[in-house]
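To keep things clear, I will list the structure first and then write my remarks on it.
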Amino acid sequence: APVDPEGNISAGHAHSCGIGADNTVVCWGIDEGDFDLGQVTDAPAGSFLSVSTGGYFSCGVRTDGGLHQCWGEDKGPPSVGSVDIAYVNAGVDHACALTTDGNAFCWGDNMYGEIISPGGAFIQVSAGYRHTCGIRDDGTTTCWGRDQKGQASPPDRRFTQISAGAYQTCGIDTTGALHCWGETYDADPPAGTFVQVSASRSGTHACALTESGQPECWGYDEFGQASPPDEAFTHISAGGTH
C-alpha cells in the first residue's frame with residue numbers, strides 16, 4: 001500500500017502547512033514577499049486528508065474522492081479525473097502524486113527529467129529539488145532527474161522510507177539504519193535505529209526520528225534548524241531554514 005512520507009504537517013522553504021483537527025488546511029510563514037505567490041494566504045477551504053509543502057507552493061489531498069489540489073505558484077497540476085490519489089508530494093519546482101494503485105506521476109518544471117516517471121508500481125514517491133525518488137513494493141529504490149552530486153544514485157539496499165532533498169537523498173533501510181547519498185552537508189547521518197527521515201528540499205539539513213520519537217538533525221545549523229528540542233515527536237519535516 002502507498003506510504004505517505006508527509007502526513008499532516010509539512011515544512012517548505014519559507015512557509016509551512018498543517019491539517020487541523022477539523023481537517024482544514026492552515027499555513028503560516030511568508031508568501032515570498034514581492035512575488036506574492038499565495039502559498040500561505042491562498043490556502044484552500046474544505047476538508048483535507050494530507051498536505052505537502054513545497055518550495056513556493058503546497059498541495060493536499062481532499063477528503064472528497066481522493067482529488068488533489070495545489071496552491072501558491074502555479075505548477076499546473078494535471079487533471080486526473082476520477083483517479084484516486086493516495087497522496088501528493090510537493091518539491092521545489094515540481095510535484096509528484098501516487099495513486100492508490102501505485103502509479104507515480106509528476107508535473108511542473110522538467111529541466112532535468114525530474115517529472116518523467118520510469119513507470120511501474122511504487123509504494124512511495126518523494127519530489128526533491130531537481131530529482132525524484134521512489135520506493136517500489138520490494139523495497140528497491142529508483143531515482144530520476146538531476147544527479148550532479150549523486151543524489152539520484154541510491155545504494156543497492158532495501159528501504160522502507162525515503163526523502164529526496166535539495167542535493168542529498170536520505171532513506172531508512174529495513175534494519176532502521178539511515179543512509180544518505182549526494183552532498184553530505186558537511187555531516188554524516190547519525191547511527192541508530194530510525195522510523196522517519198526528512199531531507200530539506202530547499203535547504204542543507206536533514207532530520208530523522210528515532211524509535212522513541214527523539215529528533216536528530218544534521219547539516220548546516222545557521223538558524224538553529226538542525227538543533228531540535230529534547231522532546232518526543234511522531235512526525236518531522238525539514239524545511240528551508242527551519
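Couple of notes before you dig in:
- Under the criterion of Cα pairs below 8 Å and six or more residues apart, the relative contact order for the chain equals 13 percent.
- Taking 0.36 nm per residue of separation and subtracting the Cα-Cα distance, full extension of the segment from Thr193 to Phe223 would add 8.1 nm.
- Largest GNM mean-square fluctuation among Ala208, Ala226, Ala90, using the chain with Cα springs under 10 Å: Ala226.
- Summed over the residues of the chain and divided among them, the accessible surface reaches 41 Å² per residue at a probe radius of 1.4 Å.
- Between Pro154, Pro189, Pro229, the GNM of the chain built on Cα springs shorter than 10 angstrom shows Pro229 fluctuating the most.
- The calculated FRET efficiency for the pair Ala177 and Asp36, based on their C-beta separation and a Förster distance of 51 Å, comes to about 0.70.
- Of all accessible heavy-atom area on the chain, the percent that carbon and sulfur account for (1.4 Å): 49 percent
- Anisotropy class of the chain from Cα gyration tensor, a/c 1.5 cut: rounded
- Stretchable slack from Thr234 to Asp147, in nm (0.36 nm times residue separation minus alpha-carbon distance): 28.2 nm
- Spin-label model distance (nm) - Ala45 vs Asp186, 7 Å beyond Cα toward Cβ: 4.8 nm
The values are calculated or read from the model by the stated rules, or taken from the named source; none is laboratory data. This structure is a prediction, so every number in the text was calculated from the model and none was measured. Glycine also receives a Cβ, built like all others from the backbone with ideal geometry; neighbour counts cover every protein chain displayed. In case anyone asks, the SASA skips ligands and DNA or RNA and just uses the protein heavy atoms, side chains included. Shrake-Rupley method; radii C 1.70, N 1.55, O 1.52, S 1.80 Å.
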